[in-house]
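Take a look at the structure below.
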Amino acid sequence: MTHLALKLSLVALAFGISISTDPAGAQGAKAAEKATPMASVADAKTLASDAYLLTFPLLQTARELSREMNTADAPDYLGKFNIFRHQDGMPSPKDASIRRKSYDAPYSWAWLDVRAEPMVVQMPAIPAGRFVVMQFYDLWGHNLAHVDTKSGASKPVSILVAGPGWKGAQPKGVDRVVRAETMLVGVTGRTAAAAPGDAASVAELQKQYRIVPLSQFTKSAAPKAAPPITFAAFDEAKADTGAFIGYVNQLLPYVRADAAEQLALKRFAGIGMIAGKPYDPAKIDSAVVAAIDAGVTEARGKLEKAMADVRGAVDPVGTREAFGGDAVKRSISAGFDLHRVARNEIVEFPIAGDGGGDPFEKGARYRLVFPPGQVPPVDGFWSLEMISVPDVRYLENPANRYVIDSRMAGLKKNADGSIEIAIQRESPGPELESNWLPSPNSGFSLTLRLFAPKPEAVDGRWKPAYPNRLP
């Protein structure tokens, strides 16, 4: 067991919760099938706490789907299933926030509805040397697959995405089949530019990403369409109370839970967690409602503490198998980042302060030095991004530069192979201006990203240097 896995497991044990996703803990199918009466006041708090910790990833997904399907002015708005939306150009100081934008590898994203039939995601041939990855995940946030240039996307690729009810064979012309436990499947693509800032090269590939129904792909008769799905507007205040149950209930009809989750959900029916049903506290005894709300508050506190305990150590990525049946670990992951790409694709190192452990100060000058033999190890490229905080945006600077990219023309290396990066508001002078990352006259943070990292960066043997403050 890795140090991280041990740390997460200890956190889960410290919760003392009664959730198990180990089918060996089941009490039998007959007990699970019995109708569950409404919980007593004494039981409601524990049930609500357990339910929140188990289904928190679904709550996070409900928040995302409500925004992407309902909020037309949201930066990640889709409005419908089975279509790609692509990042509109490169981020710049004109953007109020860059939360859904990437300078290094701009995004494409979609949600697939595979209730009636599978969908086929088509990618063009990717030019040699370009970093591209297409990530697939389910409603729980489980990573299902990553398709990249290493796994065959250097030629045109067709990926069939099927839900839990599809039993068909792999059709001719399909290169890969991705099977999901949920009937709605998310996909996020990341497409690196041919050169830093080359938005046109990104758009040229993105316009060739397509989603087609399997019947259209095979030129066969289409099945009967599934009924439309409507997502309730997400209310953040309600999500912190027992009303979170209503948001989870919206997604449960599209989830094929495993055996242990099915048993847990049978228990949670006692607090109104029932697939497809609204949660109406007006129809529940007020004392039970209060107990449910208290259980949610307790669970949120436990989850926030667990996240704080592992912050900086947790790698929020996982398949169902990688989580090992640990519902708490899965919720911790969802709390950090519901759809973080696998580490062998991209490794990120947030840098919020200097090598002495002090936060960055506006107006101060820093140097980040990668020593000889310690330049970020990649098969692709690496980048260092500067953003202002807390507003998460780029601010105007004299060099019009917000990222140091290892592919930049003129990036200076020292004779011994080391690289020195100047982080400051004013120019460091001609000797280091090519390696200058201008800092804003405000709070800021850095993120080092490695695209197609080498194994020593994936497994943690390589660690980045931190900037040192100059006198």
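Coordinate-derived values only; no laboratory data. Quick caveat, the model's predicted, so the values are computed rather than measured. Ideal geometry is used to build each Cβ from the backbone, glycine not excepted, and the neighbour counts take in all protein chains shown.
Some points to look at:
- For the range 263-357, diffusion coefficient by Stokes-Einstein and Kirkwood Rh (Cα), 37 °C, 0.692 mPa s, µm²/s: 200
- Computed about its Cα centre, the charge dipole of the chain is approximately 1020 debye, with only Lys, Arg, Asp and Glu carrying charge at their Cβ.
- Rounded FRET efficiency, nearest 0.05, which uses the C-beta distance separating R176 from E204 and R0 of 35 Å: 0.90
- Within straight-line cross-link reach of K463, aspartates and glutamates at Cα separation under 16 Å, skipping those fewer than 8 residues along the same chain: D315, E348, D354
- What you get for the range 346-469, charging only the Cβ of Lys and Arg (+1) and of Asp and Glu (-1), is a dipole of about 60 debye around the Cα centre.
- Here each label is just a point 7 Å from Cα along the line to Cβ, and for A226 and V369 those points are 5.7 nm apart.
- Value at 222 nm in deg cm²/dmol, rounded to 500, when DSSP H runs of n ≥ 4 in the chain each add -39,500 (n - 2.57): -8000 deg cm²/dmol
- Considering only W382, V403, P37, and ranking their Cα positions along the charge dipole of the chain that arises from unit charges at the beta-carbon of Lys, Arg, Asp and Glu, the one farthest toward the positive end is P37.
- Listed peptides 193-203, 45-55, 103-113, 334-344 appear in the order 45-55, 103-113, 334-344, 193-203 once ranked by packing, highest mean of other Cβ atoms within 10 Å at the front.
- Taking the Cα centre of the range 123-260 as reference, the dipole from Cβ charges on Lys and Arg (+1) and Asp and Glu (-1) amounts to some 720 debye.
- In this calculation the C-beta distance from N441 to E236 is compared with R0 = 45 Å, giving a FRET efficiency of 0.90.
- Relative packing of 167-177, 263-273, which averages over residues the other C-beta atoms within 10 Å, highest first: 263-273, 167-177
- For the chain, convex hull volume per residue from C-alpha positions, Å³: 164
- Cβ-based charge dipole, the chain, positive-most Cα from P253, A364, W166: W166
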